[in-house]
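Written out below as structure tokens is the structure these notes cover.
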Amino acid sequence: MVAEHNQHCEQTLMFTDIVGYSRLMGRNEAMAIEMLGDYRKILLSHIEQQNGQLVEFIGDAIFARFDSAASATAAAIAIQQHLQAFNEVRDKKLPPLQTRIGLHKGEVMLRDGAVFGDSVNIAARLEPLAVADGICISQTVYDEIRFTLSSPAKRLGVQALKNIEQKIRVYLIKPSGIGWRDHLFYFLRGLNKKIVAYRYPLTVCLLAFIVAGFYFIPRWLVPGYAANYVEIADFQNLMNEKGDADYFSAGITEAVRSQLADMRDVYIVDAKEGIHAPIRLEGSVQRLGDNLRIAYRLFRRKDNVQIAGGKLDGTYQDIFILQDRLVGEIARYLADEFELQNFRPAPLRLTGDVTAYDYYLRGLDFLGKPLSNENVDAAIQNFNQSLIYDDTFSSANFGLCEAYRLKNEIVKYTGFSQDAEKFCLKALEQGGDFSAIYASLGALYRDSGRYDKAIEYLQGALQKEPDNLAAIIALAGTYALIQDNSTAESLYVSAKKNAPKNWIVYQEYGYFLIRNGRYEDALENYNKVIKLTSDNVRTLNNIGAAYLYMGNFDKSAAAFERALELEPSDVAYSNLGVMYYYLGDFERAVNLYKNALRLSPDNIEYLSNIADGYFFMEGGSGLSDEYFIKTRVAAEKNIIANSADILPYLYIALSYIHFEDFEKAKEMLNRAEKISPDYVFLSYVWLRLSVLERNDENIIFFYKKAVESGYSNKTILSDPYFSILKSDKFLAFSKK
């Protein structure tokens, strides 16, 4: 007899299956078999690329194993991305090829190619929990990949799996993006697991949810209402009868946000701002021929309790009427929820021509897509087409202003900046939303270094509307850029008095204080933001930065990790990378910086940070050189766009310092000093130059200046570039 070889080890297991395969087999067996062949070819290629091993085929399912959770997750994400690309070029008359994937890491026994153990059953049970195009992973997988994951993720909480004794904490990854229908799917699963077992299509789930009415819990039972915040997500486009994606949901979202913003004592936030407000509004729009359906859901995040939901039907010609009815209904429910006087927002008057509005919505749709020349040009074309039908349509002119401003960001051509200015001024003449237009003009002038012009237009906005918070904050920020800190601070303090429950005031004031090295004061303002909006990702990142500058690495890491857990973003990845850099884990720091760079390409800070990380990694000098050159090229482009911005000069100086071209580095630093002599980061770069030049006198001078500007001793001494400060020569001084 041949002895059986048993091996106990830890593996990450993958189970997959094709969505709707059994139904397709019953309808068209030949097509189903052909799809199965394509499916297996795609999956096996990515499993092999990540050094995974196929265990077995089980009908339309695949069972594979990997040595690490990172490689298994990378394979799963690549599979979903490949299938998405496959479906895009596939004949739209054919059913899409979609899969669900489950991943679990745990102890298994390997015997002659077979895999045994409870971990196998857990992985198999996770797969059906995923939505189409989704990946469900267990806590053991998430713990390994959480800091390197760049795809959208959602916590599904603790799940009871069939025939599994222990309960498993589960997360959903969906590379194509987690939409509101995915959230609804899991909400319904938690609400009634028996309903989920029938696996209705998501559109039917949506209708069932709306028909179900709403579940009311008195407001006093729901904690955390420091202020009346409402988070509004972008309304989603559902498919029309031709299978084409419609484009006009952007206009619905814009109308709802702008009209509800007029409600007194209600604060509207954009879901993309990274704030998890206690009340959230989601919705969808569907066009069927000339008929239009708008559905919405207003709910509390706490336990996903619905406040209201409904749908409005009409013809596309009635879109303005439907929008006003929608806003009126939502405003009424919000007034009841927050115990406010009933409020009926004024109708939004855009244009009387539906065709002009249609082209305007097409333009908005292209503006909302990833930034590219093609998308911006398409937006410009549609806005111009809109003006052919109604040349007095101010929103279309404002759309052109925004499109040309984005065009200028891509191409860095001053002519586009001038075009943006021209269309903004025209929209202003036509009576458009003056506060938005003034703010856009102010940003346009500020970003091009024309600060006097920015101040002029922002002050003009305040003359017409003295309490316009956006204009006050933009004006304060502009004064801060020209180093008129006393005027800037007086504006921030005044804004706090006028809007004591608006998080944006405290957020922007806190950023101003950080730039001036006043970290304790900044934290006081940021803590106020957290009281108002507890899951504010942007503020958590800023809290982490403040603690980092103060040298409190434990509190800094806690804030950064919480922000990354709530919402993976370039800032969150970069901040956590800085933490690992200071802790000496340069490989992990570089990986986090690269995740940040993937989300924000050409960001000079992330490029420079990657270069720094490679510099201290064994064998990384060549890559460090490469990234410092990339930093300089990107920073020089930024100077062309705005010669009054200090940061590009500082990052170019760091690049020259790295290559020991000290004269050019000093030239950049002197130019930066003329822009803002007290800028916190400036003293850091001078210190780095002094250390590399081995100029003891300058080392002491700029070390002292860095500490005076806000850097803590601990932060400076944790930076490997400044290890010389720990030597006997400087140790006594650096401990002061």
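The values are calculated or read from the model by the stated rules, or taken from the named source; none is laboratory data. Computed from a predicted model, the values in this text were never measured in an experiment. Cβ: placed from backbone, ideal geometry, glycine included. Neighbour counts: every protein chain shown. These accessible areas exclude ligands, DNA and RNA; they are computed on the full protein's heavy atoms, side chains included. Shrake-Rupley method; radii C 1.70, N 1.55, O 1.52, S 1.80 Å.
Averaging the sequence gap over all C-alpha pairs within less than 8 Å and six or more residues apart, then dividing by the number of residues, gives the chain a relative contact order of 7 percent.
Using only the heavy atoms of the protein chains and a 1.4 Å probe, how would 692, 607 rank by accessible area, largest first? Mind showing how you got there, number by number?
On the way: 692 65, 607 10 Å².
Of 692, 607, the descending order of accessible area is 692, 607.
Using R₀ = 56 Å, calculate the FRET efficiency as 1/(1 + (r/R₀)^6) where r is the Cβ-Cβ separation of residue 661 and residue 169; round to 0.05. Could the numbers behind the result be given before it?
Numbers: r = 52 Å, r/R0 = 0.93.
With a Förster radius of 56 Å, E is 0.60.
Here the extension length gained between residue 311 and residue 116 equals 65.2 nm, from 0.36 nm per residue of separation less the Cα-Cα distance.
The aspartates and glutamates whose alpha-carbon is closer than 15 Å to the alpha-carbon of residue 674, local same-chain residues fewer than 8 away aside, are 484, 645. Note on the chain: with neighbouring protein chains present and a 1.4 Å probe, carbon and sulfur make up 49 percent of its accessible heavy-atom surface.
Entry note, the stretch 443-562: relative contact order of 14 percent, from Cα contacts under 8 Å with a spacing of 6+ residues. At full extension, residue 302 and residue 430 could sit 41.7 nm farther apart than now, given 0.36 nm per residue minus the alpha carbon distance. Once you sort the root eigenvalues of the Cα gyration tensor of the stretch 254-321 as a ≥ b ≥ c, which label holds: rounded (a/c under 1.5), prolate (a/b larger than b/c) or oblate (the other case)? Taking the square roots of the gyration eigenvalues as a ≥ b ≥ c, the stretch 254-321 is prolate. Taken along the Cα-to-beta-carbon direction at a fixed 7 Å, the label points for residue 527 and residue 33 span 7.1 nm. Spatially, the stretch 701-729 and the stretch 45-92 are offset by 49 Å when compared through their Cα centroids.
Here the calculated FRET efficiency for residue 464 and residue 265, from their Cβ-Cβ distance with R0 = 35 Å, stands at 0.95, rounded to the nearest 0.05. Our helix-only sum for the chain, with -39,500 (n - 2.57) per DSSP H run of n ≥ 4 divided by its residues, gives a mean residue ellipticity at 222 nm of -18500 deg cm²/dmol.
Residues of the stretch 364-500: accessible area per residue at 1.4 Å, in Å²? Intermediate results must be reported in sequence, preceding the final value.
Working: 6320 Å² over 137 residues.
About 46 Å² of surface per residue is accessible.
Within the stretch 23-155, DSSP assigns beta bridges of which about 75% are antiparallel (rounded to the nearest 5).
Shape analysis of the chain places it in the oblate category; the axes a ≥ b ≥ c from the Cα gyration tensor give an a/c of at least 1.5, with a/b not above b/c.
Assuming R0 = 30 Å, what is the FRET efficiency of residue 109 and residue 40, from their Cβ-Cβ distance, to the nearest 0.05?
Numbers: r = 26 Å, r/R0 = 0.88.
Using R0 = 30 Å, I get an efficiency of 0.70.
Restricting to the chain, what percent of DSSP beta bridges are antiparallel, rounded to 5? Percent antiparallel among DSSP bridges in the chain is about 85. Extending 7 Å from Cα along the Cβ direction at residue 388 and again at residue 414 yields two label points whose distance is 3.3 nm.
Please give the charge dipole size of the stretch 397-481, origin at the Cα centre, charges +1 on K and R Cβ atoms and -1 on D and E Cβ atoms. Round to the nearest 20 debye.
Values: 9 positive and 11 negative charges, 52 e Å.
Using only the charged Cβ atoms, the result is roughly 240 debye.
When the C-alpha to C-alpha distance is required to be over 29 Å, the pairs from 496/555; 555/705; 501/637; 453/594 that qualify are 501/637; 453/594. Placing dummy labels 7 Å off each Cα toward the beta-carbon, the span from residue 554 to residue 329 is 5.2 nm.
Apply the Karplus parameterisation 6.51 cos²θ - 1.76 cosθ + 1.60, with θ equal to phi minus 60°, to every residue of the stretch 686-691 and state each ³J(HN,Hα) to the nearest whole Hz, in sequence, with x for glycine and proline. For the stretch 686-691, the Karplus-derived couplings read 4, 5, 5, 4, 4, 5 Hz, x marking Gly and Pro. Note on the chain: with charges restricted to the Cβ of Lys and Arg (+1) and Asp and Glu (-1), its dipole about the Cα centre is near 1460 debye. With the charge dipole of the chain set up from +1 on Lys and Arg Cβ and -1 on Asp and Glu Cβ about the Cα centre, the Cα lying farthest toward the positive end among the listed residues 85, 526, 692 is that of 526. Working from Cα pairs under 8 Å separated by at least six residues, relative contact order for the stretch 377-522 is 13 percent.
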